[in-house]
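What follows is one structure encoded as structure tokens, with my remarks underneath.
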Amino acid sequence: MRLASAIAMLVTAALMGAAPPARAQTSEESVKATFVSRFISFVTWPPIEGDAANAPVTLCVIGAEPFANELERVVSDQRINGRPFDVRRIAEPASAARCNAVYVVGARVEDTLRAVRGRPVLTITDGAAGDDARGIIHFVIVDRRVRFHIDDARAAEGGLFMSSRLLSLGVSVRRRPAS
Amino acid sequence: MKWRPRFRFDRDFAFIGALIVLALGLVIGVINESAVSDRKLRELDTEAKILAQSVVASVMFSDQVAARESALAFSQNPEVDAVGVYEQGGALIASFSREGAEALPPRPTARASAYRGGFLETIRTVERDGQTYGHVYLRLRREPLLARLGRYTPLALLVLMTALVLAVAGAAQGALKRAYAQLEQKAADLEAANSSLKGEIDQRKSAEEALVQSRKMEAIGQLTGGVAHDFNNLLMVVSGGLRMLTRHDDPERRRNIMEAMQQAVERGAGLTRQLLSFARRQPVELQTISVAARINGMRSLLERSLRADILLDINIPEDLPPVSTDPGQLELAVLNLCVNARDAMQKGGVITISARLGSRLRTVEVLVRDTGAGIPPEILSRIFEPYFTTKPLGQGTGLGLSQVYGFAQQSGGEARIESQVGFGTTVILSLPISSEQLSAPSPNPLPVAIEDRSRHVLVVEDDDQVASTVCSMFEDLGHQTTRASSAEEALSALQRNHAFDLVFSDIVMPGGQNGIELARELERIAPNLPVLLTTGYSGHEDVDPGRPVLRKPYEIGDLREALFKVLNRRAAA
Ligand SMILES: Nc1ncnc2c1ncn2[C@@H]1O[C@H](COP(=O)(O)OP(=O)(O)OP(=O)(O)O)[C@@H](O)[C@H]1O
Ligand SMILES: [Mg+2]
């Protein structure tokens, strides 16, 4: 059963299930936004003091206003284990340290990566957007489909745990050092 | 055979039991099968759950390759017929199906696991953290019927075996019952055999009785033969003596010959008595006698019966009271005891005959003791039995002690025996003391003197020879005789001549009246005329009591004594 020919259509169909009917247009952006919201399910953060069990999951976006809008739309009525999402547009890479996850593109990728290194922040970079520096998750397009590399070693530095189910989907996975 | 219907019932019962077991087996199979189906469904659920979990990431990130890998992983299970992975919108992102399998459902809607045709199928949501991201479809082939049936082979076998066992048990029960019936039949046969055996035993008993009777006859035959032999010897002595008497004139010599002849006649008389006694036809004739006189008088007889190596010691006090008994039988008993003692002392010994006052009140005991072999204890209880003998055929009849016992009983006394093997035997005859005085003085040696006056005797005897002998005996005693050969003749002679002092009549006479009837007639017509009867037979039970009877053969002394008694009784009356 070959599906390669229908990839685009399928991807579109997949996204349409989650997308409100008002936005019929599917885009790479919306796929990525959906993926970002779904990564949260496969990552475990170290417990943060004073954080309530149902505190919102903070998703920060740096340098990608349309993506931020798309992400906001995707997670608007979503909950993960009862926690709502909180999408923030931030300018300062230093501010990313307070986020659970940060999607960063453009000029401030490296600064941001440096700023949150060793902190429990899921960094998401985008090769499809032309960036070379990679965060823990790095989007790429393979066979016209949105895929991702995973840097589990970097995740380990910040005390994050990546689910093996997610790891199994990575185009490539940089393993964390054996403890 | 009241168990027969039950036997049927048992066999039916076994059959019904077998049916029940089969039905039970079927029910168990069905229940089990449905349990297995339920389990299969649960297994299907679990499989679907695993599938959903394994594809959750693939679905969430639209990774068709990974989803397909997961689906293929499930195809390893041969039961799996088709696998489908759907995204939230309903699009199939991965699938697997066996060759010729039915197409996957185009639009999945979650539904409970269920059987459909030869398959089990289920659709399950793909969820993560409470969010639904898609569906999985799983279809399993149902186990083929044969395989499913195969699973029940052991059960089926078990059930069949049980049913078979029941059937066999039923049949065995039947067989058992049949065997039981046969047994019962056998028992009945046995009973029949037993009763026929009983019949045979009865037959045998009567056969044995017949045998005893024939043995008795044989014994009597032997006895008769022995007596005939003895008689021949005696007759030879007598006839030889008579012939010699005609040839010898020497008085000394003639006396010897006559003495021998006299002895022979005596022995013949003894033998006859014995014979009659054995035949148990000798009536007891109780008399008051002196034991001492009687037994002392037997000495010469006894000594002649014994052997030279046996010493006879008779030692009886003269002053013992007289006893009431049959003197002839007493003599015979003593003779028998002495003969037994003699036979028990093959190497010689002593026979002691003694008497004493008995330990029982008013009895006199006569003891005959020997120093012989003695009697073993095991036969001691049997020796008084008639025909019991340890002696070889022809030598003993086993009637000797029987006579002793019977005689003692008839006299109102008893006989007992004491014996010690190797030392000897003592037989004790206990006889009652008589309440009367001695009736007659002991017979004295023959003074053939003519007592008081001469009498006229009417001798009634059919046999000429006997008649002449008897007449000459009376004449020897100094009496005068007239002979009549029958009762009628006697009566007419009496009518003609009233001078008879005594009628001497034989009892048995051919035709007409016998001696007893004659005596009764005379009692009527001439009550004062004394009658003395004589006979060679015993057993004339119809002789009137008190009437004297002189037993043949008798000697002149006996005749004189009897005559004396009869005439004296008349005189006293
Ligand atoms: N004095 C005895 N001593 C040893 N045994 C005796 C004596 N008297 C009798 N018996 C035994 O008792 C048996 C029976 O005796 P019985 O006089 O009745 O018959 P019998 O002597 O055998 O024959 P029969 O007297 O007729 O010639 C004898 O065979 C013998 O074995
Ligand atoms: Mg004897």
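Name the pairs whose Cβ atoms lie under 7 Å apart, with the first residue in the stretch B:21-36 and assigned to a helix (DSSP H, G or I), the second of a type in the set (Gly, Ala, Ser), and 6 or more positions between them or separate chains?
Once the first residue is assigned to a helix (DSSP H, G or I) and sits in the stretch B:21-36, its partners that are of a type in the set (Gly, Ala, Ser) give B:VAL21/B:ALA163; B:LEU22/B:ALA163; B:GLY25/B:ALA156.
Which condition from (1) under 14 Å from the mean Cα position of the chain (by Cα); (2) closer than 17 Å to A:LYS32 by Cα; (3) more than 14 Å from chain B (Cβ to nearest Cβ); (4) of a type outside the set (Asp, Glu) is the one that A:HIS149 breaks?
(3)
Restricting attention to the stretch B:62-90, which residues are part of a helix (DSSP H, G or I), in contact with a strand residue (DSSP E or B) (Cβ under 8 Å, 6 or more places away or on another chain) and at the interface with another protein chain (Cβ under 7 Å from one of its Cβ atoms)?
Selection gives B:GLN64 alone.
What are the residues in the stretch B:381-415 that are within 8 Å of ligand 1 (Cβ to nearest atom) and among the aliphatic types (A, V, I, L, M), if any?
Matches in the stretch B:381-415: B:ILE383, B:LEU399, B:LEU401, B:VAL404.
Could you tell me whether the stretch A:97-108 includes any residue that is surrounded by fewer than 19 Cβ atoms within 10 Å (Cβ to Cβ), of a type outside the set (Lys, Arg) and within 14 Å of another protein chain (Cβ to nearest Cβ)?
No: the stretch A:97-108 contains no residue that is surrounded by fewer than 19 Cβ atoms within 10 Å (Cβ to Cβ), of a type outside the set (Lys, Arg) and within 14 Å of another protein chain (Cβ to nearest Cβ).
When B:GLU385 is evaluated against the numbered criteria (1) acidic (Asp, Glu); (2) modelled with pLDDT of 85 or more; (3) farther than 18 Å from B:ASP313 by Cα, which criterion, by number, is the only one it fails?
Going through the list (1) acidic (Asp, Glu); (2) modelled with pLDDT of 85 or more; (3) farther than 18 Å from B:ASP313 by Cα, B:GLU385 breaks only (2).
Test B:VAL59 against the criterion of being touching an Asp or Glu at 6+ places or on another chain (Cβ under 8 Å), under 20 Å from A:VAL142 (Cα atoms) and either part of a helix (DSSP H, G or I) or facing chain A (nearest Cβ under 9 Å) (or both), and give yes or no.
Yes; evaluated as a whole, the condition is true for this residue.
Go through B:VAL466, B:VAL448 for me and flag whichever is of a type in the set (Val, Ile, Thr), at pLDDT below 85 and touching a helix residue (DSSP H, G or I) at 6+ places or on another chain (Cβ under 8 Å).
The unique qualifying residue is B:VAL448.
Under 7 Å between Cβ atoms, at least 6 apart or on separate chains: pull out the pairs that start in the stretch B:42-57 with a residue that is among the acidic types (Asp, Glu) and end on any residue that is surrounded by fewer than 24 Cβ atoms within 10 Å (Cβ to Cβ).
B:ASP45/B:SER113; B:ASP45/B:THR122
Kindly check whether there is at least one residue in the stretch B:115-122 that is surrounded by fewer than 14 Cβ atoms within 10 Å (Cβ to Cβ) and touching a Lys or Arg at 6+ places or on another chain (Cβ under 6 Å).
Among the residues of the stretch B:115-122, at least one is surrounded by fewer than 14 Cβ atoms within 10 Å (Cβ to Cβ) and touching a Lys or Arg at 6+ places or on another chain (Cβ under 6 Å), which makes the answer yes.
Taking the criterion of being facing chain A (nearest Cβ under 8 Å) and either under 17 Å from A:ARG147 (Cα atoms) or buried (at least 23 other Cβ atoms within 10 Å of the Cβ) (or both), would at least one residue in the stretch B:45-56 satisfy it?
Yes, some residue in the stretch B:45-56 is facing chain A (nearest Cβ under 8 Å) and either under 17 Å from A:ARG147 (Cα atoms) or buried (at least 23 other Cβ atoms within 10 Å of the Cβ) (or both).
Evaluate the following for A:ALA115: is it of a type in the set (A, V, I, L, M, F, W, C) and more than 20 Å from A:TRP45 (Cβ to Cβ)?
Here the answer is no, as A:ALA115 does not meet what is asked.
Part of a loop (DSSP other than H, G, I, E, B) and either at pLDDT 80 or above or out of contact with any strand residue (DSSP E or B) (no Cβ under 7 Å at 6 or more places or on another chain) (or both): does that describe B:SER442?
yes
Provide a single number: the residues in the stretch B:91-108 that are within 14 Å of chain A (Cβ to nearest Cβ) and either surrounded by fewer than 17 Cβ atoms within 10 Å (Cβ to Cβ) or among the β-branched types (Val, Ile, Thr) (or both).
Of the residues in the stretch B:91-108, 7 are within 14 Å of chain A (Cβ to nearest Cβ) and either surrounded by fewer than 17 Cβ atoms within 10 Å (Cβ to Cβ) or among the β-branched types (Val, Ile, Thr) (or both).
Enumerate the pairs (first residue in the stretch B:83-109 and more than 19 Å from B:LEU120 (Cβ to Cβ); second residue anywhere and crowded, with 20+ Cβ neighbours inside 10 Å and among the acidic types (Asp, Glu)) with beta-carbon separation below 7 Å, excluding pairs fewer than 6 apart on the same chain, so at least 6 apart or on different chains.
Within 7 Å, the pairs are B:ILE93/B:GLU87.
Given (1) within 16 Å of ligand 2 (Cβ to nearest atom); (2) of a type in the set (A, V, I, L, M, F, W, C); (3) assigned to a strand (DSSP E or B); (4) under 28 Å from B:GLU266 (Cβ atoms), identify the lone condition not met by B:ILE417.
(4)
The values are calculated or read from the model by the stated rules, or taken from the named source; none is laboratory data. Because the structure is predicted, anything quoted here is derived from the model rather than measured. We place every Cβ from the backbone using ideal geometry, glycine too, and count neighbours over all the protein chains shown.
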